[in-house]
Amino acid sequence: MAKTMLRNRQIKRVAFISLNIDEEQSIFSALEYNSDTRFKNKLGVRPKLGLEYLCAALKKQNIESKIYDQELANFAPQELSSLMQKNNIDLVGFQAFSLNIKSITYFVQEIRKNNSIPIIAGGPGSCHYNELIKGGCDMVCFGEGEETILDIVNCYENKIHIENVEGIAYYNIETKGVEVNVPRAQIDNLDTIPFPLRTPESIKKYYDDLLYPVRKPCLTMIVSRGCLYRCSYCYSHSFWMDVYRRRSIENVIKEIRHAVYNLHIKSIEFIDDVFAVEFNWLKEFCEQLENEKFNLSWSCYLHPLSFRGQREEAFLIMKRSGCKMISFGAQSCDIGILRQVNRSPAEPEELKKAIYCAKSMGITTVACFIVGLPGETRDTVQRNFNFCLQTKPHLVFFNPLDVIPFSDLDSRYKGKAISVLAQKEIFTLCTKYTKKYYFRPNIAVRILKDIWVKNPLRLIKFITKFSYLVRKMDYSR
Ligand code: B12
C-alpha cells in the first residue's frame, strides 16, 4: 500500500508504462536477457493507442508525457525505476490488463524504492483495482481516461479534492482502506477528444508483420468506442459500459489527413472491436476516403454478420477506398457453442459468404478461432479446422481461451472447467491445427501468392519470420 498521499506537487512530466502481458517475460526475462535476443522473432508490436490518447489530453494542458513500452525497450524493474528518477518524472501511470497486474505491482514496488512520486494505473485491468491498490498504486482510473487523468493531475496539484475525482478508486491513508468514487460519465461527443499523440519517430518503431498487405508506416486508429455485441468471453462491452459511441466521418478524416501530411503514413489498421457497424456510415466514410486520394491501404476487424444483406456492396466500397485485409472474429463454427457465448447460430453460414465475398474482391481474409469455449470437444475443433480448409481464409488463428476476469464467462463458471478439454489439450489442439493449416502446400502457396501480388517487398521477411514462428509454435510453453 502507498503510505502517504503525495499531494501538493506540480506535475510537469508524466510517464505512461506499458508492460508485457506475460508476467515471466515482463519481470524475469527482462532481468536476464537483452532486447535483441528476446524480440527478434516477434511478429509485431502495436502502438499503445489508449496511452497516446492520454498523452494528447495532457499535452493540451502543457504537460509533457512519454510512453515507456516494454515491448520495445525491454526494461527491467530496476532500470525503469532509475529512468523515472533520471527523467524527473512527477507521475507514473501503468496501463493495466488482467494478465499484467502482478507485474505492475512488482514494478511499482521497485519504483517506490528510489522515487517518492504518485503512481497510478488504468486501462482494461482497472477492474483489479483492489489488487493494484494493495500492490502499491495510489489510484486506479476506471473507463476512459482523457478527462480523469487531468483531474488526477489537478488533485496532486491540490486544485481538486480526491473525493471529487470521478471514475477512480484510491487508497485512503486515513481509513487505510480502498475508496471508490462515483463513476465518470463517458465523453458524450468523441469528436471533442484530441487526436492521439504520435510522432513520425514513434510510428516507425511499431510494426505488424502479419499485416502484409498494408505498407509501412502504419498507424492504429479507432472510429468508435464500445461494442454492440455482448460475447460472453469478452470484457470490452463491460469496460465501455454497454454503450457504443462513434466519431463523425469528418473527425476521422481530419485525423487521417493530419497523419498523412504530418506523419507520412501509408496505411491504417482500424482496431475497433467491430469496424463501422452501420452501412450508411461505412459508405460515406469510404467515399470520402476515396475522394481525398490519400492512396492509403487499410485493414479492420469485422463480425461474421457485419453488413449482412449488403455485404457485396460494403466490401466493394471498402476495397475501392483501400481496404486490403479483413479479420473476422469467427471464434467457433459450432452452433451450440455460439449460442452458449451469446452469438448467433447464423454466423457460420454468413462467415462463409463473407470470406468468399472478400476473397473474390482480392481482399486478404483472416479468421480467428477460440479453442476451449463452453461445449468444445475435439470434434468441434476439428470441424472448425474443416471449415477453414473449405473456405481457405489467407490466415487462420486458433487461440486458446483466456478466461478474462469479470467477463460473463468468468462469472458463469467461477473457476470451474468450461469444456471437457483440459488446458493442456487446448494448447496442443491450437498448436496442432495452426501448424496443420499452414503446412498444407496449397494454403502456403496461396499466402505467398497473395503477398507477391500485394506487397512483394514483404515476402522474404514474412517467410522467414512466419515459418520460424509456426515451426516453433507451442502454446503450452
Ligand atoms: C485492438 C486491441 C488489441 C490489439 C492492439 C492493442 C494495443 N496495444 O493497442 C492487440 C491485438 C495487439 C491486443 C492485444 C491484447 N489484448 Co486487446 N484489445 C484491443 C481492443 C479491441 C481495442 C483497444 C483499444 O485501442 N481501445 C481504444 C483505447 C482508446 O482505449 P484503451 O486502450 O482502453 O485506453 C483508454 C482507457 O482504458 C484508459 N487507460 C488506458 N490505460 C490507462 C492508463 C492510465 C494510467 C490511465 C489513467 C488510464 C488508462 O484511457 C484510455 C483512453 O480513454 C480492446 C477492446 C476495446 N474495445 O477496448 C481489446 C482488449 C483491451 N484486449 C484485451 C486483451 C486480453 C489483450 C491481450 C492481453 C491478449 C493476449 N492474451 O495477448 C493483449 C495485450 C497486449 C498489449 N499489451 O497491448 C482485453 C483486455 C481484458 C482485460 N481485462 O485485461 C480487451 C478488453 C478485449 C477482450 N478480450 O475483452 N489487443
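The values are calculated or read from the model by the stated rules, or taken from the named source; none is laboratory data. Bear in mind that the values here come from a model prediction, so they are computed numbers and not experimental data. Counting neighbours? That spans all protein chains shown, and the Cβs are built from the backbone with ideal geometry, glycine included.
Each row is one residue, and each column tells you yes or no for (1) in contact with a Gly (Cβ under 6 Å, 6 or more places away or on another chain); (2) in the same structural domain as Val92 (by TED's automatic domain parsing).
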site	(1), (2)
Asp151	no, yes
Lys159	no, yes
Tyr207	yes, no
Val214	no, no
Thr220	no, no
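Take Ala354 and decide whether it is in contact (Cβ under 8 Å) with a residue 40 or more places away in the chain, away from the ligand (no atom under 16 Å from the Cβ) and more than 23 Å from Tyr235 (Cβ to Cβ).
Here the answer is yes, as Ala354 does meet what is asked.
Evaluate the following for Phe398: is it assigned to a strand (DSSP E or B) and of a type in the set (A, V, I, L, M, F, W, C)? Give the steps one after another, and end with the answer.
Numbers: assigned to a strand (DSSP E or B): yes; of a type in the set (A, V, I, L, M, F, W, C): yes.
Yes, satisfied.
Can you tell me which condition Leu409 does not meet? The list is (1) away from the ligand (no atom under 16 Å from the Cβ); (2) in a helix (DSSP H, G or I), and all the others hold.
(1)
I'd like the full set of residues that are touching a Ser or Thr at 6+ places or on another chain (Cβ under 8 Å) and assigned to a loop (DSSP other than H, G, I, E, B), limited to the stretch 240-250. Steps first, please.
Of the stretch 240-250, the ones touching a Ser or Thr at 6+ places or on another chain (Cβ under 8 Å) are 244-247.
Hits for the stretch 240-250 are Tyr244, Arg247.
Which condition breaks for Asn280 when tested against (1) surrounded by fewer than 20 Cβ atoms within 10 Å (Cβ to Cβ); (2) under 30 Å from Val403 (Cα atoms)?
So the condition that Asn280 fails would be (2).
Of Ser321, Ser327, which residue is out of contact with any Gly (no Cβ under 8 Å at 6 or more places or on another chain), modelled with pLDDT of 95 or more and over 29 Å from Met473 (Cα atoms)?
Values: Ser327 fails: over 29 Å from Met473 (Cα atoms).
After ruling out the rest, the residue left standing is Ser321.
Here are Ile447, Ile404: which of them is part of a loop (DSSP other than H, G, I, E, B) and of a type in the set (Val, Ile, Thr)?
On the way: Ile447 fails: part of a loop (DSSP other than H, G, I, E, B).
Residue meeting the stated conditions: Ile404.
Would you mention how many residues in the stretch 401-410 are in contact with a helix residue (DSSP H, G or I) (Cβ under 8 Å, 6 or more places away or on another chain) and either surrounded by fewer than 18 Cβ atoms within 10 Å (Cβ to Cβ) or among the β-branched types (Val, Ile, Thr) (or both)?
Total satisfying the criteria: 5.
Mind listing just one residue for me: the one in the stretch 143-185 that is under 24 Å from Ser103 (Cα atoms) and of a type in the set (Gly, Ala, Ser) and, of those, surrounded by the fewest Cβ atoms within 10 Å (Cβ to Cβ)?
Selected residue: Gly177.
Anything in the stretch 383-406 that is closer than 21 Å to Gln340 by Cβ and either within 15 Å of the ligand (Cβ to nearest atom) or of a type in the set (Val, Ile, Thr) (or both)? List them, or say none.
If the condition is that a residue be closer than 21 Å to Gln340 by Cβ and either within 15 Å of the ligand (Cβ to nearest atom) or of a type in the set (Val, Ile, Thr) (or both), then Phe397, Phe398, Asn399, Pro400, Leu401, Asp402, Val403, Ile404, Pro405, Phe406 are the ones that fit.
Which residue, of Phe94, Phe107, is buried (at least 21 other Cβ atoms within 10 Å of the Cβ), in contact with a helix residue (DSSP H, G or I) (Cβ under 6 Å, 6 or more places away or on another chain), not charged (D, E, K, R) and not in a helix (DSSP H, G or I)?
Phe94
Write out, first by first residue and then by second, each pair whose Cβ atoms fall under 6 Å of each other, whose residues are 6+ apart or on separate chains, and whose first residue, in the stretch 255-278, is closer than 23 Å to Ala330 by Cβ and within 13 Å of the ligand (Cβ to nearest atom) while the second is in a helix (DSSP H, G or I) and not basic (Lys, Arg).
From residues that are closer than 23 Å to Ala330 by Cβ and within 13 Å of the ligand (Cβ to nearest atom), the pairs are Asp273/Ser236.
With respect to Cys300, is the statement that it is closer than 25 Å to Gly50 by Cα and part of a helix (DSSP H, G or I) true?
On the way: closer than 25 Å to Gly50 by Cα: yes; part of a helix (DSSP H, G or I): no.
Answer is no for this residue.
What's the number of the only condition in (1) away from the ligand (no atom under 14 Å from the Cβ); (2) within 15 Å of Ile11 (Cα to Cα); (3) free of Cβ contacts under 8 Å to residues at least 24 places away in the same chain that Asn172 fails to meet?
(2)
Would you tally the residues in the stretch 219-239 being under 29 Å from Glu292 (Cβ atoms) and in contact (Cβ under 8 Å) with a residue 60 or more places away in the chain? I'd like the intermediate steps shown before the answer.
Of all residues in the stretch 219-239, those under 29 Å from Glu292 (Cβ atoms) come to 219-228.
When the remaining residues are screened for being in contact (Cβ under 8 Å) with a residue 60 or more places away in the chain, the result is 219-223, 225.
Residues that pass the stated criteria total 6.
Anything in the stretch 168-177 that is in contact with a strand residue (DSSP E or B) (Cβ under 6 Å, 6 or more places away or on another chain) and either more than 30 Å from Val243 (Cα to Cα) or not aromatic (Phe, Trp, Tyr) (or both)? List them, or say none.
Ile168, Ala169, Asn172
Of all the strands (runs of 3 or more DSSP E) wholly in the stretch 152-239, which have at least 1 residues that are in contact with a Pro (Cβ under 6 Å, 6 or more places away or on another chain) and of a type in the set (S, T, N, Q)? Even if it seems obvious, please write down each step before you answer.
On the way: elements: 168-172, 177-180, 218-221.
Passing ranges, in order: 218-221.
Residues checked against (1) under 28 Å from Asp209 (Cβ atoms); (2) surrounded by 22 or more Cβ atoms within 10 Å (Cβ to Cβ); (3) of a type in the set (Phe, Trp, Tyr):
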| residue | (1), (2), (3) |
| --- | --- |
| Cys286 | yes, yes, no |
| Asn291 | no, no, no |
| His303 | yes, yes, no |
| Glu313 | no, no, no |
| Phe369 | yes, yes, yes |
| Val381 | yes, yes, no |
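For the stretch 141-167, what are the residues that are under 22 Å from the mean Cα position of the chain (by Cα) and either on the phi > 0 side of the Ramachandran plot or free of Cβ contacts under 8 Å to residues at least 60 places away in the same chain (or both)? Give the derivation first.
Kept after step one, since they are under 22 Å from the mean Cα position of the chain (by Cα), are these residues of the stretch 141-167: 141-149, 167.
Passing the criteria: Cys141, Phe142, Gly143, Thr148, Gly167.
How many of the residues in the stretch 127-142 are within 7 Å of the ligand (Cβ to nearest atom) and surrounded by fewer than 24 Cβ atoms within 10 Å (Cβ to Cβ)?
Keep residues of the stretch 127-142 that are within 7 Å of the ligand (Cβ to nearest atom), which gives 127, 141.
Add one more test, that the residue is surrounded by fewer than 24 Cβ atoms within 10 Å (Cβ to Cβ), and what stays is 127.
Residues flagged as within 7 Å of the ligand (Cβ to nearest atom) and surrounded by fewer than 24 Cβ atoms within 10 Å (Cβ to Cβ) within the stretch 127-142 amount to 1.
Among the residues that make up the stretch 412-424, is at least one of them within 16 Å of the ligand (Cβ to nearest atom), part of a helix (DSSP H, G or I), touching a strand residue (DSSP E or B) at 6+ places or on another chain (Cβ under 9 Å) and in the same structural domain as Val214 (by TED's automatic domain parsing)?
Yes, there is a match, as at least one residue in the stretch 412-424 is within 16 Å of the ligand (Cβ to nearest atom), part of a helix (DSSP H, G or I), touching a strand residue (DSSP E or B) at 6+ places or on another chain (Cβ under 9 Å) and in the same structural domain as Val214 (by TED's automatic domain parsing).
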